[in-house]
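J.: The structure is given below, and queries will be raised subsequently.
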Amino acid sequence: MLPKRVIGILTWRQGQRFGEPDYLRKLVLAGQKLGAEIYLFSHQDVHGKEKKIRGFVPKAGGGWTSRWFPWPEVVIDRYRRRVPEYIRMRNSDLFFFANSPFSKKWRVTQLLAKDERVKRWIPETHLYEKKKMTSMLARYPLVYVKPGNGSGGKSILRVAAVGKEYALSGRDKQYQVHTARLDSKAAVENWVGRWVAEQRIADGNFLVQQGLDLGLIPNHVVDVRVLIQKDAEGEWSVTGSGVRIGEPGSSTSNLHGGGRAVPFVPLIESCFGRRQAPHTIRECHLLAHEVASTLEDYFGRMMEFGLDIGVDVNGQVWLIEVNPKPGREVFRQIGELDTYATAIERPVQFALYLARSRQNRMAPEKVRRAGV
């Protein structure tokens, strides 16, 4: 009987409290069904000299149990906090990772905006600085201000020109709604300056981005979440797509902020008709493939991306944001449970593919060393 492949999942842990515990539980269980020896661990669980790890696996009735595990052949990185211990581990050569370290949103946006393969899909974006709001509002009736290292729709501010006034709306770090109605660009500059100072995350920056008319449904922000992942053969494949619809009047569509999810194809068909919809769907998938391969060229081997894609009222497709450690709850919410299961399995399938590939590459080297 062949030994099981050993896969580790690096994540944040405090006691037996984990980041995103529901997803990680499902990920470990999916890996076990695929025949892997798979476990969670954090930076404090690694004993490098002894080449062993204190790992965690789900208990049948809930909670977690820990024991010593063998060294992983491949590690899936789901760590979401940039603490020094994590950064040191990522910069070391302790592990073979399935996914490379990624960069902040601003650098990613800069790279994509300059790359010939993808720049046509990138809205105009700048690093926030004083007076930048004024110049952007002079060109666009709608502008977004968002943190360069945020997630989940927190701290994103929407600034829209309404007649001779400006309507501001956003959710703070605690998802509390803030609104304002101002009568001049100078007043907007001051209000946004205070927002950025209050909402800044650690040493993070803020971005100012061209707003898009994503009101496919009146008074709602609508965007498309496309999940593209490496499959069991190591190839990029679009796992699925879903549409997120924000609450009435909300500045974002995020599910954390009260948004809801609906299936992708029916909504696009209802907005653009059955003749136009296939073109829009194909372009969203093309965008996902081009962005994934482009970012892999810049950052090294990657495993999956969640792309937030805007389809404006004219059917133009835009890339809003890229997440290298995406969620997949949108598929559960729209009832696509087979897609949801595939989205959970694919990271382990890719890790198993990498483990097999590494062994096959190393086998000839072992034969040479043996003098055969």
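J.: Inside region 130-145, can you point out the residues that are in a strand (DSSP E or B) and open to solvent by less than 10 Å² (accessible area, probe 1.4 Å)? Break it down stepwise before answering.
T.: Going through region 130-145, the residues in a strand (DSSP E or B) turn out to be 142-145.
Answer for region 130-145, where residues must be in a strand (DSSP E or B) and open to solvent by less than 10 Å² (accessible area, probe 1.4 Å): 143, 145.
J.: Determine if region 288-302 includes at least one residue that is modelled with pLDDT of 95 or more, closer than 20 Å to residue 77 by Cα, in contact with a Pro (Cβ under 9 Å, 6 or more places away or on another chain) and not in a helix (DSSP H, G or I).
T.: yes
J.: Going by the structure shown, is residue 106 free of Cβ contacts under 8 Å to residues at least 60 places away in the same chain, of a type in the set (Phe, Trp, Tyr) and more than 18 Å from residue 302 (Cβ to Cβ)? It would help to see each step written out before you state the result.
T.: Working: free of Cβ contacts under 8 Å to residues at least 60 places away in the same chain: no; of a type in the set (Phe, Trp, Tyr): yes; more than 18 Å from residue 302 (Cβ to Cβ): yes.
So residue 106 fails the test.
J.: Which of the residues that make up region 240-280 are modelled with pLDDT under 75 and open to solvent by 60 Å² or more (accessible area, probe 1.4 Å)?
T.: Across region 240-280, the qualifying residues are 247, 248, 256.
J.: Output the residues belonging to region 16-41 that are basic (Lys, Arg), crowded, with 17+ Cβ neighbours inside 10 Å and farther than 20 Å from residue 68 by Cα.
T.: First, pick out the residues of region 16-41 that are basic (Lys, Arg): 17, 25-26, 33.
So of that shortlist, the ones also crowded, with 17+ Cβ neighbours inside 10 Å come out as 25-26.
If the condition is that a residue be basic (Lys, Arg), crowded, with 17+ Cβ neighbours inside 10 Å and farther than 20 Å from residue 68 by Cα, then 26 is the only one that fits.
J.: Please identify the pairs in which a residue from region 48-71 that is touching a residue at least 60 places away in the same chain (Cβ under 8 Å) and open to solvent by less than 50 Å² (accessible area, probe 1.4 Å) has its Cβ atom under 6 Å from the Cβ atom of a residue that is in a strand (DSSP E or B) and among the aliphatic types (A, V, I, L, M), counting only partners at least 6 apart or on another chain.
T.: 69/53
J.: Now a separate question. Might you let me know whether region 18-37 holds any residue that is part of a strand (DSSP E or B), of a type in the set (A, V, I, L, M, F, W, C) and under 25 Å from residue 356 (Cα atoms)? Walk me through how you get there before you give the answer.
T.: Residues of region 18-37 that are part of a strand (DSSP E or B), as a first pass: 18, 37.
Cutting the leftovers down to of a type in the set (A, V, I, L, M, F, W, C) gives us 18.
Imposing the further condition that a residue be under 25 Å from residue 356 (Cα atoms) reduces the set to none.
The answer is no; no qualifying residue exists.
J.: So residue 341 passes all but one of these: (1) open to solvent by less than 10 Å² (accessible area, probe 1.4 Å); (2) part of a helix (DSSP H, G or I); (3) hydrophobic (A, V, I, L, M, F, W, C). Which condition number does it fail?
T.: Answer for residue 341: the failing condition is (1).
Here is a yes/no grid of residues against (1) among the basic types (Lys, Arg); (2) closer than 25 Å to residue 241 by Cβ:
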{"position": "169", "(1), (2)": "no, no"}
{"position": "176", "(1), (2)": "no, no"}
{"position": "181", "(1), (2)": "yes, no"}
{"position": "195", "(1), (2)": "no, no"}
{"position": "211", "(1), (2)": "no, yes"}
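J.: Taking the condition of being farther than 12 Å from residue 322 by Cα, assigned to a helix (DSSP H, G or I) and open to solvent by 40 Å² or more (accessible area, probe 1.4 Å), how many residues in region 87-117 meet it?
T.: Final tally of qualifying residues: 6.
The values are calculated or read from the model by the stated rules, or taken from the named source; none is laboratory data. Note that the structure is predicted; figures quoted are calculated from it, not measured. No Cβ is skipped: glycine too gets one built from the backbone with ideal geometry, and neighbour counts run over all protein chains shown. We work out accessible area using only protein heavy atoms, side chains counted, and drop any ligands, DNA or RNA first. Shrake-Rupley method; radii C 1.70, N 1.55, O 1.52, S 1.80 Å.
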